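Enquirer: The structure under discussion is supplied below as structure tokens; questions concerning it will follow.
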Amino acid sequence: MRTMIANRFGLPGLLEGPTSITLDPDGTRLEITEAHLVAVDADRLCPHGCPGRMASKQPVMVEIQDVPLGLAHRRIHLAYPVLRCGTCKTTRRLRPDWLDVTRPMTTRLVAMIEHESHRASTVEVARRTGVDERVIGQIFDEAAWRWQPVAPPLAPRRLGIDEAHIGRVWRGVVVDLDSGALIDILEGRGKEHFRAFFDGLEGADAVEVVAIDMTRAYEEVARECFPGAMVVVDRWHVTQKAREALNTVREGVRKRVGRSAAARLNAGRALLHKRAYELALAERESLNGLCRRHPDLGLAYDLKEGLFEVYDQKDPVRAEAWLDKWLACVDAVAEQAPQFAPVAAMIRNWHGPILAYWRTGRTTNAMTENANGRLKRIHREGRTLDFRRFRAKALYRMGARPRVGILASEILWAWATLRNQGWTTERIVDHLTVGHSPPQP
């Protein structure tokens, strides 16, 4: 066992020499330290059991990089011993354990790059560590391959489906609505992409709810791949149609009034989109005056509020009655507020999935919408990332799979062994996630 020698680096067996300070080409402070590895008595014993101690030969000289200290990059001009047995002529290099086996850098710097490259762009990690961008990309690829799941994802109880426009391409997004974890991001948003992914989903029968926006293709895929699940239309997409109709009425009023009145309408836009109970006393008086001057705008605001009040109901039977009453009101004022007729038609077309919101415990697709925003932020960190690297970053940061740093080939071997012994996927994933050692089957 190598003894710990006191040094600023905290690396076992390292004996420091002088340190020089210079600047990198980009102007960053660079500390270069001369150091060598000390061979202890146990290192000089011949592995073949020959008598006597192994003699020192010409040491190996190597320049390695270490983790930065604050804003300064650090390098070590390291000399580690080469020993030779005088009896059997065996040569032994005392390469330290904390030196990476493939690159001239410490293992802790490699671990730092693996960690940081999933959370920042390659350029940013290169700036922090002083390592070449190509090397960082290679380390990231190796880490992503080690971490990649070797088993199909496990189906959740509630599933969210949506699309996100990322890098000028529409990507399909699948989210676990119970935990908010990203299950996967697909190369495309077509039915064939979702169908191919859901065909490989483990435990698809466990899915009880599928939340979507008002896209018929997603409803068809959900009903085809999860015949026992209830399809729910997200409430935001329904109420947003009412907001858009209200804004269309406001724009029509603004175009037919004078400049000063149009300015007041622009100022009142935020009040029109607020719920009635959110308005302060002064805001309520201002909105009432605006609606008195423009009765069609007041009617549109009441219709918008009426649809929101439907979603305020807690009981599904009561909510259905309120929704039917709202549809009847829209039909009665079709001539005064024609902008809401398409909203009513849309609700009738999606009547069942809309009412499923109450029958599934008020399920929304908010987790999926939140995941879309986070995916776009990850993409902005490195817009030149190809889809493979982008997906690896997204799953690492937003997925719920265990982040165990072992080889994927070892996981695959263990997985196949346990499946041959009759283990189910749920049982294997459970023990991998909680970190238990597998009990006897």
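The values are calculated or read from the model by the stated rules, or taken from the named source; none is laboratory data. Note that this is a predicted model, so its numbers are computed, not measured. So basically every Cβ, Gly included, is an ideal-geometry build from the backbone, and we count neighbours across all protein chains shown. Accessible surface is based on the protein model in full, side chains and every heavy atom, while ligands, DNA and RNA are left aside. Shrake-Rupley method; radii C 1.70, N 1.55, O 1.52, S 1.80 Å.
Enquirer: Name, by its number, the condition in (1) crowded, with 16+ Cβ neighbours inside 10 Å; (2) touching a Phe, Trp or Tyr at 6+ places or on another chain (Cβ under 8 Å) that does not hold for Y80.
Expert: Every listed condition holds for Y80 apart from (2).
Enquirer: Next up: Hey, can you tell me all the residues within region 58-117 that are in a helix (DSSP H, G or I) and touching a strand residue (DSSP E or B) at 6+ places or on another chain (Cβ under 8 Å)?
Expert: Listed by number, the residues that qualify are T107, R108, L109, M112.
Enquirer: Which ones in region 142-166 are under 16 Å from the mean Cα position of the chain (by Cα) and more than 23 Å from R216 (Cα to Cα)?
Expert: Passing the criteria: A144, W147, Q148, P149, P153.
Enquirer: Given the options V62, V67, V40, name the one that is touching a Pro at 6+ places or on another chain (Cβ under 9 Å) and aliphatic (A, V, I, L, M).
Expert: V62
Enquirer: Find all pairs meeting these conditions: Cβ atoms under 7 angstrom apart; at least six residues apart or on different chains; first residue within region 213-228 and of a type in the set (K, R); second residue modelled with pLDDT of 90 or more.
Expert: From residues that are of a type in the set (K, R), the pairs are R223/V231.
Enquirer: Identify, please: which residue in region 106-123 is open to solvent by less than 50 Å² (accessible area, probe 1.4 Å) and charged (D, E, K, R) and is, among those, farthest from T28 (Cα to Cα)?
Expert: So the residue we want is E114.
Enquirer: Restricting to region 202-228, name every residue that is under 18 Å from V175 (Cβ atoms) and in a helix (DSSP H, G or I).
Expert: A204, A206, A217, Y218, E219, V221, A222, C225
Enquirer: Taking region 263-287 as the region of interest, how many residues are loosely packed, with under 12 Cβ neighbours inside 10 Å and either assigned to a helix (DSSP H, G or I) or at pLDDT below 85 (or both)?
Expert: 8
Enquirer: Still on this structure: I need every pair where a residue in region 379-401 that is in contact (Cβ under 8 Å) with a residue 60 or more places away in the chain has its Cβ under 6 Å from the Cβ of a residue that is β-branched (V, I, T), sequence separation at least 6 or different chains.
Expert: What qualifies is H379/I166; R391/I185; K393/I378; A394/I185; A394/I378.
Enquirer: How many residues does region 182-196 hold that are buried (at least 17 other Cβ atoms within 10 Å of the Cβ) and part of a loop (DSSP other than H, G, I, E, B)?
Expert: So the answer is 2.
Enquirer: For region 197-220, give me each residue that is under 17 Å from L182 (Cβ atoms) and exposed (fewer than 14 other Cβ atoms within 10 Å of the Cβ).
Expert: G200
Enquirer: Report, ordered by the first and then the second residue, all pairs with beta carbons closer than 8 Å, sequence separation of six or more or different chains, a first member in region 161-175 that is over 9 Å from E187 (Cα atoms), and a second member that is part of a strand (DSSP E or B) and of a type in the set (F, W, Y).
Expert: Pairs that qualify, where the first residue is over 9 Å from E187 (Cα atoms) and the partner is part of a strand (DSSP E or B) and of a type in the set (F, W, Y), are E163/W170; A164/W170.
Enquirer: Still on this model: Checking D43 against (1) surrounded by 13 or more Cβ atoms within 10 Å (Cβ to Cβ); (2) assigned to a loop (DSSP other than H, G, I, E, B); (3) in contact (Cβ under 8 Å) with a residue 40 or more places away in the chain, which single condition isn't satisfied?
Expert: (2)
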